[in-house]
Amino acid sequence: MKITRRQFIGGTAAITAGAGLFGFNMLAKSDVANAASNQTGVKTFRNVCPRNCYDTCAQISYVEEGVLKKVEGDPKSTYTNGKLCLKGYNYTRRVYSPDRIKYPMKQTPRGSGNWERISWDEAMNTIAEKILDLKQRYGSTLPVCLDKYSGNFGITHYGIEGTLSSIGYTTRAVGTPCWPAGIDSQTYDFGTIFNNDPEDFANANYIILWGSNCAWTGVHSLPFIMKAKERGAKLVVIDPILTSTASKADLFIQIKNSTDGALALGMARYILDNDLVDWDYVNANSIGFEEWADYVKKNITLDWAAEKTGIPKDVIIQIAHEYATAKPASMWVGYGMQRHTNGGQNVRIIDALGLMTGNIGKSGGGVNYAHLETWGFNYHAMVMPAPEGSVGMPGPDGTYTNRSVNMNNFAGDVQALTDPPVKMLWLACRNPVSQDPDTNDIIKMFNSMELVVTVDSFFNKTVELSDIVLPATTHFEDWDVMASYWHYWVGINQRAIDPMYESKSDVEIAMALSKAMNALEPGSCTYPTEGDPEEWTAKEFNDGVFNMLGISDYKELLDGPRKAKFSPAAWADGNFRTPSKKFEVHSERAAQNGLPAIPIWVEEMKAPNQYPIRFMTPHPQHGLHSQFQNLDWMMAANPEPLLEIHPKLAAEHGIGEGDMVRVYNDLGEVTIKARLTETTSPDVIVSYEAWYKDSKFNVNFTVKAIPADMGKQATGMDGIAFHDNFVAIEKA
Amino acid sequence: MSKQLGFLHNSEKCIGCRGCEMACKNEYQSDASVRWRQVYQLREKDFSQPTRMFISIACNHCENPECLRVCPVKAYTKREDGIVVHDQDRCIGCKLCTMACPYDRPQFNAILKKVEKCNLCYERLDQGQQPACVAACVPEALELVEINEELDLKVGVLKTLPGMPNPSVTNPSIRFIGPKQGKQIRRDV
């Protein structure tokens with residue numbers, strides 16, 4: 001069956017009247033043979049998945065008569081290799097979901113569910129009037145607070161920051177809840193984050209996936225790892241959970257949470273004692289190594305490391321020997337392991353292992369965490385001047401700046417502000433009510449606002465607590481350019497279909513707000529009011545990006561994504577970006593931030609007596625944070641959240657398979673159905689964070705906003721120790 | 001019948017990523033109520049140590065399809081290449097086939113009130129393409145194969161896995177390479 005876009009919209013409108021009429025099945029190839037043979041009307045476009053994911057997949061979208069029919073991987077990226085993940089194959093369900101937010105809407109009162117469609121003009125005027133009212137009452141726009149992060153990492157989406165900059169100095173959620181402790185570790189050690197090309201895993205003789213469940217969270221790296229394995233490389237997975245990735249390992253090591261540094265120190269002691277150090281590399285490329293080696297010899301024993309980590313001594317010896325002698329040996333340091341109060345320090349110790357074995361700067365090697373080397377765009381949509389005469393936080397030289405609050409203690413920090421208080425929230429690419437720690441405190445903070453504006457595609461938990469919601473386009477409805485924080489490819493994202501309903505991109509919303517602001521008070525907003533989406537994207541490019549990709553015009557990317565012209569081995573040139581230009585085993589910058597100068601052991605956080613069980617809430621398979629899981633195919637495939645619990649622990653509490661379990665601590669609680677499994681250990685329970693449709697499930701009620709040890713050097717704020725989450729359980 | 005096409009599923013390579021399952025839905029935009037292909041996690045207790053192992057199952061295009069045998073309106077046919085095709089125009093939605101299939105692969109579409117199932121992407125095959133699920137398999141664990149004696153004589157090729165129904169009922173056109181486990185250092189032992 002063929003449908004036009006107009007008919008399609010007609011079909012979707014009908015759903016509001018009678019559910020049975022809705023037509024996802026209008027997309028279906030009910031007449032398979034005819035649908036396949038009739039390819040004449042199909043146009044293809046280049047897209048890039050903009051989600052917060054290692055893989056940032058190059059996509060091809062298939063569009064017929066203005067309708068997105070299917071999405072595939074782009075074979076021109078050798079990383080994506082023509083294949084998407086399960087989430088990427090769900091995109092038609094996102095674009096055409098009947099649950100999509102279609103128009104600007106207002107909710108009175110907030111949280112009531114009493115939503116009413118309003119026009120874009122009314123929405124923009126309400127928001128503009130509130131901003132101007134707050135500016136008049138408080139003498140600045142500081143009562144307006146932005147919380148934006150990773151819902152869409154397309155470069156033009158930094159126009160969200162630009163929106164707020166263009167109205168004056170505002171309050172900003174600063175930091176990243178995701179990966180900052182590890183970023184700082186590598187900033188202290190290497191000068192910045194810079195991983196080998198993940199396609200270079202194929203050249204490794206030994207691979208340690210240290211806390212990475214890439215079978216779920218970065219699946220396109222696996223073929224390169226498996227290629228190495230087929231060549232005879234050994235695959236070791238170190239993780240507190242026997243994940244799908246760990247199930248494929250030659251050796252799986254179930255480590256006690258947050259003791260990764262103790263294991264690495266035990267390995268270092270063995271490598272030192274057995275003369276397996278690559279002294280040529282160490283002497284030529286590092287400072288402070290002798291000091292650290294001295295510390296290790298005086299303070300670390302293999303017996304201590306075994307006791308600390310729960311890993312037998314002979315196993316520590318085995319992997320230390322193998323890792324030091326395999327040459328090259330590669331490590332992938334996952335983000336979960338740095339979400340601890342000693343997480344950054346543990347990554348620094350692992351970095352030192354890479355250094356001492358000479359595995360840094362080598363193809364098939366590396367201590368691979370992430371990179372931002374391909375992100376050198378103009379951020380044209382982001383950089384906007386404040387209107388003339390704007391007042392903000394006074395800086396030392398008489399200029400004004402924005403006011404920062406810690407994204408990782410958002411509820412607490414916002415409520416603590418009094419001069420002036422925060423009275424309005426602007427949320428885009430962000431769902432704090434679902435994803436932030438201490439959900440109850442987040443809700444309390446939202447309730448103290450005069451206006452909450454959220455830009456989103458679905459009525460998620462944050463939208464539920466908003467006054468106004470603005471409908472966001474999907475990436476198929478927009479122009480953009482995307483880079484990855486893992487692989488080396490950059491791709492253009494074309495507008496494949498017209499924006500659905502009344503949705504707008506973040507830049508278009510900024511332009512609309514600017515019109516409304518300037519109509520009410522000329523000069524009150526500096527954001528441009530004109531410009532088409534492709535032009536906005538074109539303005540993000542510069543010669544640096546062109547040279548890196550070997551092109552001279554962004555339009556060349558319409559022929560396919562391009563890979564940055566880097567060596568496959570990061571740091572191959574030995575030009576580290578630390579103050580000393582060497583790998584800094586001794587880091588004065590770390591010391592200046594109150595941290596140990598060298599990678600010594602820092603005790604992990606212990607479970608309090610009344611909450612003896614660790615509750616891990618890692619990334620899910622069927623979604624990415626609060627995205628995807630709500631879609632109909634995902635709900636059918638994975639209808640409800642589960643709590644992975646070891647049979648021994650379950651038995652102690654009289655819990656059987658399928659029983660409901662109340663998980664609680666002094667902060668809050670969540671009730672989840674038990675799934676008995678020996679893939680976790682008896683003192684660790686696991687439930688994967690997600691937003692399920694029509695469900696109250698949220699893993700963050702018990703999570704305290706405890707900072708990780710690092711993050712402020714490179715990202716402005718320390719991270720969150722998400723996995724230092726301690727609870728008690730009972731059969732519900 | 002000149003040959004029998006089918007699937008070879010390598011459980012050693014399969015990571016249970018469910019890309020095949022969703023690639024199938026992407027290709028056909030099938031309703032949420034049907035799952036032509038489905039990834040199942042194998043039972044932990046069937047292994048000597050805990051694990052996350054998977055198989056991916058679609059219609060097995062059986063040599064002796066029960067769906068075809070029980071269908072009262074002859075909606076099922078078996079092609080020369082062994083593919084079992086279901087004609088939705090003939091289907092009356094009686095669900096007899098859904099009850100007869102040992103693998104639960106004919107799926108009832110709750111909106112159309114009719115059955116549907118995997119057709120092995122025969123129209124893609126005719127154009128020289130792989131089935132959508134095979135083309136999407138990141139670890140290359142799923143293959144389109146010709147089921148014949150030569151395949152069955154290969155070392156490591158299995159006709160069934162623990163948890164699968166007895167293949168003697170329908171002689172399904174699927175073969176497996178069994179899962180393999182590495183060494184584990186666990187905290188509960």
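Bear in mind that the values in this text are calculations on the coordinates, not laboratory data. Keep in mind that this is a model prediction, so the values were computed, not measured. Here the Cβ is made from the backbone with ideal geometry for all residues, glycine too, and neighbour counts use every protein chain on show.
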With n ≥ 4 as the cut-off for DSSP H runs, can you work out [θ] at 222 nm for chain A, using -39500 (n - 2.57) per run divided by the number of residues, rounded to the nearest 500? -8000 deg cm²/dmol
Along Cα→Cβ, 7 Å out, is where each label goes; now give me the distance between the ones at A:LYS298 and A:SER552 in nm to one decimal. 6.2
Going 7 Å from the Cα of A:ASP532 toward and past its Cβ, which residues in the range A:61-79 have a backbone nitrogen under 18 Å from where you end up? A:66
Work out the length of the dipole vector of the range A:266-329 about its Cα centre, built from +1 on the beta-carbon of each Lys and Arg and -1 on the beta-carbon of each Asp and Glu, and round it to the nearest 20 debye. 180
Could you give the length gained by full extension between A:LEU642 and A:SER580, i.e. 0.36 nm per residue of separation minus their alpha carbon distance, to one decimal place? 17.4 nm
Checked chain A with the C-alpha gyration tensor, a ≥ b ≥ c its square-rooted eigenvalues, rounded below a/c of 1.5, otherwise prolate if a/b is larger than b/c and oblate if not; verdict rounded
Determine which lysines satisfy two conditions relative to A:LYS565: a Cα distance under 20 Å, and not lying fewer than 8 residues away in the same chain. A:LYS76, A:LYS362, A:LYS555
Amide H proximity to A:PHE576 below 5 Å, modelled H, separation 5+ or other chain, gives none
When you look at the Cβ of every residue in B:137-143, what mean number of other chain Cβ atoms sits within 10 Å? 4
Extension reserve of the B:ASN64-B:SER33 stretch, reckoned as 0.36 nm per residue once the Cα distance is removed: 8.5 nm
1/(1 + (r/R0)^6) with r = Cβ-Cβ of A:ASP397 and B:LYS183, R0 = 41 Å, i.e. FRET efficiency to nearest 0.05, evaluates to 0.10
Identify, among A:ILE613, A:ASN725, A:VAL144, the residue whose Cα sits farthest towards the positive end of the charge dipole of the protein assembly as shown, taking +1 on the Cβ of Lys and Arg and -1 on the Cβ of Asp and Glu, with the dipole about the Cα centre. A:ILE613
In nm, to one decimal, how far is the A:ASP659 label point from the B:PHE47 one, both placed 7 Å along Cα→Cβ? 2.6
Output field shielding_mean for B:177-185 (other chain Cβ, 10 Å radius) holds 6
Give the residue from A:ILE131, A:MET393, A:VAL67 lying farthest towards the positive end of the charge dipole for chain A; charges sit on Cβ (+1 for Lys and Arg, -1 for Asp and Glu) and the dipole is referred to the Cα centre. A:VAL67
J(HN,Hα) series, the range A:703-713, from Karplus relation 6.51 cos²θ - 1.76 cosθ + 1.60, nearest Hz, glycine and proline x: 7, 8, 7, 7, x, 5, 6, 9, x, 6, 4
Hey, which of these cross-link pairs are over 22 Å Cα-Cα: A:LYS256/A:LYS693; A:LYS256/A:LYS648; A:LYS308/A:LYS673; A:LYS504/A:LYS539; A:LYS423/A:LYS461; A:LYS148/A:LYS712? A:LYS256/A:LYS693; A:LYS308/A:LYS673
Equivalent ellipsoid semi-axes, chain B, via Cα gyration tensor eigenvalues times 5, rooted, Å: 29, 19, 17
What order, most packed first, do the peptides A:117-124, A:431-438 have when packing is the mean number of other Cβ atoms within 10 Å of each residue? A:431-438, A:117-124
Give the peptides A:370-382, B:144-156, B:34-46 in descending order of average Cβ contacts within 10 Å, highest first. A:370-382, B:34-46, B:144-156
So, with points 7 Å from each Cα along the Cβ direction, the A:ASN378-A:GLU290 label distance in nm works out to 5.2
Against the longest principal axis of chain B, how steep is helix B:19-28, in degrees 0 to 90 to the nearest 10, with axes from Cα atoms? 20
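Let me know the shape class of the range B:98-146, please: from the alpha-carbon gyration tensor, a ≥ b ≥ c as square roots of the eigenvalues, rounded when a/c is under 1.5, otherwise prolate if a/b is greater than b/c, or oblate. Write down the numbers at each step before the final one.
Working: a/c = 2.31, a/b = 1.79, b/c = 1.29.
Judged from the Cα gyration tensor, the range B:98-146 comes out prolate (a/c at least 1.5, a/b above b/c).
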Given N residues in the range A:290-406, what is its alpha carbon radius of gyration divided by 2.2 N^0.38 Å? 1.66
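Within 10 Å of each Cβ in B:41-51, how many Cβ atoms from other chains are there, averaged over the peptide?
3
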Give the shape of the range A:54-201 as rounded, prolate or oblate, defined through the alpha-carbon gyration tensor: a ≥ b ≥ c are the square roots of its eigenvalues, a/c under 1.5 means rounded, and otherwise the shape is prolate if a/b is larger than b/c and oblate if not. oblate
Efficiency by 1/(1 + (r/R0)^6): what FRET value for B:GLU80 and A:LYS227, r their Cβ-Cβ distance, R0 = 51 Å, to the nearest 0.05? 0.85
